[in-house]
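Student: Got a structure for you, questions after.
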Amino acid sequence: MEEYLALIEGGQDEIIEKKSRFIGYTASVATEEEANEFIESIRKKHYDARHNCYAYSIGTGSQPLLRFSDDGEPQGTAGKPILEVIQGSGIRNICIVVTRYFGGTLLGTGGLVRAYTDAAKAGIAASTVRLKRQLIECELPMEYTDLGKIQYLIANTDAEIMDTIYTDKVLLKVRVYAPAYEQFVKAVTEATGAKVPVEKTGEVFD
């Protein structure tokens, strides 16, 4: 995966459905342990609620770890709808807990699905989400005479200078969007007559 949506800051919001309160909470989680800790924190906060239903997605690959729970609601009416909201949002490494305070009126299967779906969406809407892209980190050592040419090239490609170190030569630390990396290396090689090497140092999502 070359890019994905990430939760930068969790949020919360609630909806009311026939006097039942549904409060949607979101959190960024990198492991199953973190997800379970978040779920437990909401359970403790709302120890008097009838249900604390949840779903989470962990991992940025093609097959993320997916879990959900109806927490006593009729099967398929709470956890799965929350998970479907997560999958539809495209956000990875996220946990959503929806707390329900029963209002005295039964909602029926369809009503529950809608309420848990809407509460999960409300939680996401109250959160801060950002696109993260796969970036390749590299270093370009060069003579001062090549600096201007390389700076111009970087400014016109999907790359960014993260640091510039001046000694007897110049060392640029650069991040390049992964799909553009091979073309970037080719462009640097052609522009400098292969005088400036592109040395890969790592990969990050940012």
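The values are calculated or read from the model by the stated rules, or taken from the named source; none is laboratory data. Given the structure is predicted, the values throughout are model-derived calculations rather than measurements. With ideal geometry, Cβ positions are generated from the backbone for all residues, glycine too; neighbour counts draw on all protein chains shown.
Student: Residue check: is ALA159 surrounded by fewer than 22 Cβ atoms within 10 Å (Cβ to Cβ) and not assigned by TED's automatic domain parsing to the domain that holds ILE39?
Tutor: no
Student: Which of the residues belonging to region 25-48 are in contact with a Phe, Trp or Tyr (Cβ under 9 Å, 6 or more places away or on another chain) and either modelled with pLDDT under 95 or loosely packed, with under 12 Cβ neighbours inside 10 Å (or both)?
Tutor: The answer is ASP48, and nothing else.
Student: A further question follows. Would you point out the residue of region 96-107, among those that are over 12 Å from CYS53 (Cβ atoms) and touching a Ser or Thr at 6+ places or on another chain (Cβ under 9 Å), that is surrounded by the most Cβ atoms within 10 Å (Cβ to Cβ)?
Tutor: Within region 96-107, the first condition is being over 12 Å from CYS53 (Cβ atoms), and the residues that meet it are 101-107.
If we keep only those that are touching a Ser or Thr at 6+ places or on another chain (Cβ under 9 Å) as well, we get 101-105, 107.
Numbers: TYR101: 16, PHE102: 14, GLY103: 15, GLY104: 7, THR105: 11, LEU107: 21.
This residue is LEU107.
Student: From the list SER69, SER62, SER57, SER20, exactly one residue is buried (at least 19 other Cβ atoms within 10 Å of the Cβ) and either under 30 Å from ASP158 (Cβ atoms) or acidic (Asp, Glu) (or both). Which is it?
Tutor: SER57
Student: Provide a single number: the residues in region 15-24 that are of a type in the set (Asp, Glu) and at pLDDT 95 or above.
Tutor: Going through region 15-24, the residues of a type in the set (Asp, Glu) turn out to be 17.
Checking which are at pLDDT 95 or above leaves us with none.
Final tally of qualifying residues: 0.
Student: Determine, yes or no, whether THR164 is touching a strand residue (DSSP E or B) at 6+ places or on another chain (Cβ under 8 Å), assigned to a strand (DSSP E or B) and among the polar types (S, T, N, Q).
Tutor: The answer is yes for THR164.
Student: Can you pull out every residue in region 72-96 that is farther than 16 Å from SER20 by Cβ and outside any helix (DSSP H, G or I)?
Tutor: Passing the criteria: GLN75, GLY76, GLY90, ILE91, ARG92, ASN93, ILE94, CYS95, ILE96.
Student: State which residue is nearest to ALA120 (Cα to Cα) when the search covers only region 1-44 and only residues that are over 25 Å from the mean Cα position of the chain (by Cα) and among the basic types (Lys, Arg).
Tutor: ARG21
Results for (1) small (Gly, Ala, Ser); (2) in contact (Cβ under 8 Å) with a residue 60 or more places away in the chain, shown as yes or no for each residue.
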| site | (1), (2) |
| --- | --- |
| ALA125 | yes, yes |
| THR128 | no, yes |
| LEU131 | no, yes |
| GLN134 | no, yes |
| GLU139 | no, yes |
| ILE150 | no, no |
| THR157 | no, no |
| GLU160 | no, no |
| THR167 | no, no |
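Student: Does region 102-121 contain at least one residue that is part of a strand (DSSP E or B) and either in the same structural domain as LEU7 (by TED's automatic domain parsing) or farther than 19 Å from ALA6 by Cα (or both)?
Tutor: no
Student: Related question: Only residues in region 106-119 that are touching a residue at least 60 places away in the same chain (Cβ under 8 Å) and among the hydroxyl-bearing types (Ser, Thr, Tyr) count as the first member; pair them with residues that are in a helix (DSSP H, G or I) and buried (at least 21 other Cβ atoms within 10 Å of the Cβ), Cβ under 6 angstrom, at least 6 apart or cross-chain, and list the lot.
Tutor: TYR116/PRO81; TYR116/ILE82
Student: Does VAL129 fit the bill of being surrounded by 20 or more Cβ atoms within 10 Å (Cβ to Cβ) and assigned to a strand (DSSP E or B)?
Tutor: No, not satisfied.
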